[in-house]
Amino acid sequence: MAEMQIVFGLIFLGLGGDALVRGAVAMAERLKISPLVTGLVLVGFGTSMPELVTSLSAVLKGSPGIAVGNVVGSNIANILLILGITAVLAPIRIDPKAFKRDAPVLAVATVACLFLGLNGEFSRLTGVVFIGMLTSYVFFTLMLERRVFDAQAQLHANEAELIATPPRALWISASIAAAGIAFVIAGAKWMVIGSITIAQSLGISETVIGLTIVAVGTSLPELATSVVAALRKQTDIAFGNIIGSNIFNTLGIIGVMAIVAPFSVPAKILLYDFWILVAVTAVLLFFAFTGARLSRREGALFLGLYVAYLGFLSLRAAGVV
């Protein structure tokens, strides 16, 4: 029963996330909202919606291991698994000007999350600060890019065009987006309930479940977007999608969770996974900065590191670590 809940949760999260993004993009096109705003805000928030709803549902059920594990695990999977797959399919181009804008924000958000976690509980004040940081990032990015339509602005616009759909009536697009939200909520509920049940029945910590099954499942929209971008040889979109998603996950999801239900980070995540996320983010930014691209070899390295990380998690699940 629990296994079926997780399977249906994954299916509903994938379908719901896709429907939400496509419906929102179609609404934006009908309302004449610029591709820049659509790509940065609607696509960025839309692809992170499964993580948000799943983590919020978990923390409200008193399962911070699943909630925080989902965010941290999703960010690790975004870098090592999704960018790894994308780079193996087609080397990822990185525009230096675009990189210099978002990379520092990702670095600051990741390190801030680590140190605040080490200091104890994520309070409502922390949540407000994180949401304020995210809002400021989106606002100033939009203002700057409207003045100078540079490489990063074009990247966000291309994100919207990548998911563009045939013209539809506004009510149809709104209905698709609403259905997507309903599917995401239902999928998140089943995912969390099934994960808790399996963790309890097998004696596996909820944290490990959150870092693996839940994290990868909620990253399906990012995976789909990045693979499509790679197949279309628009790999810069895949890179921007992952950077933006990790920023939204860290500041937005952690921020919302802290405001709704302040929480403490499970000890194992503080001891291992936060540090692994910081290291993985640093490796990504180093490769991107030094070569202005991620090669197939680096993509294969990322996939190898993700397999090693899963091996490490299996040892934790077995109680070895």
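The values are calculated or read from the model by the stated rules, or taken from the named source; none is laboratory data. Please read these numbers as outputs of a predicted model, since none were measured by experiment. We place every Cβ from the backbone using ideal geometry, glycine too, and count neighbours over all the protein chains shown.
Pairs needed: first member in the stretch 223-238, surrounded by fewer than 23 Cβ atoms within 10 Å (Cβ to Cβ); second member anywhere, of a type in the set (Phe, Trp, Tyr); C-beta distance under 6 Å; at least 6 residues apart or different chains. Between residues of the stretch 223-238 that are surrounded by fewer than 23 Cβ atoms within 10 Å (Cβ to Cβ) and residues that are of a type in the set (Phe, Trp, Tyr), there is no close pair.
If I filter the stretch 89-123 down to residues being under 20 Å from Val59 (Cα atoms) and of a type in the set (A, V, I, L, M, F, W, C), which single residue comes out as surrounded by the fewest Cβ atoms within 10 Å (Cβ to Cβ)? Across the stretch 89-123, the extreme among qualifying residues is Leu118. Within the stretch 46-80, the set of residues being at pLDDT 90 or above and over 17 Å from Glu206 (Cα atoms) comprises Asn75, Ile76, Ala77, Asn78, Ile79, Leu80. State whether one or more residues within the stretch 149-157 are farther than 21 Å from Gly210 by Cα and either at pLDDT 90 or above or outside any helix (DSSP H, G or I) (or both). Within the stretch 149-157, one or more residues are farther than 21 Å from Gly210 by Cα and either at pLDDT 90 or above or outside any helix (DSSP H, G or I) (or both).
Only helices (runs of 4 or more DSSP H) whose full extent lies in the stretch 187-256 are considered here, and the ones with at least 1 residues that are of a type in the set (A, V, I, L, M, F, W, C), within 17 Å of Tyr137 (Cβ to Cβ) and touching a helix residue (DSSP H, G or I) at 6+ places or on another chain (Cβ under 7 Å) are 235-247.
For Ile11, are the conditions met, namely being part of a helix (DSSP H, G or I), surrounded by fewer than 24 Cβ atoms within 10 Å (Cβ to Cβ) and modelled with pLDDT of 70 or more? Break it down stepwise before answering.
On the way: part of a helix (DSSP H, G or I): yes; surrounded by fewer than 24 Cβ atoms within 10 Å (Cβ to Cβ): yes; modelled with pLDDT of 70 or more: yes.
Yes.
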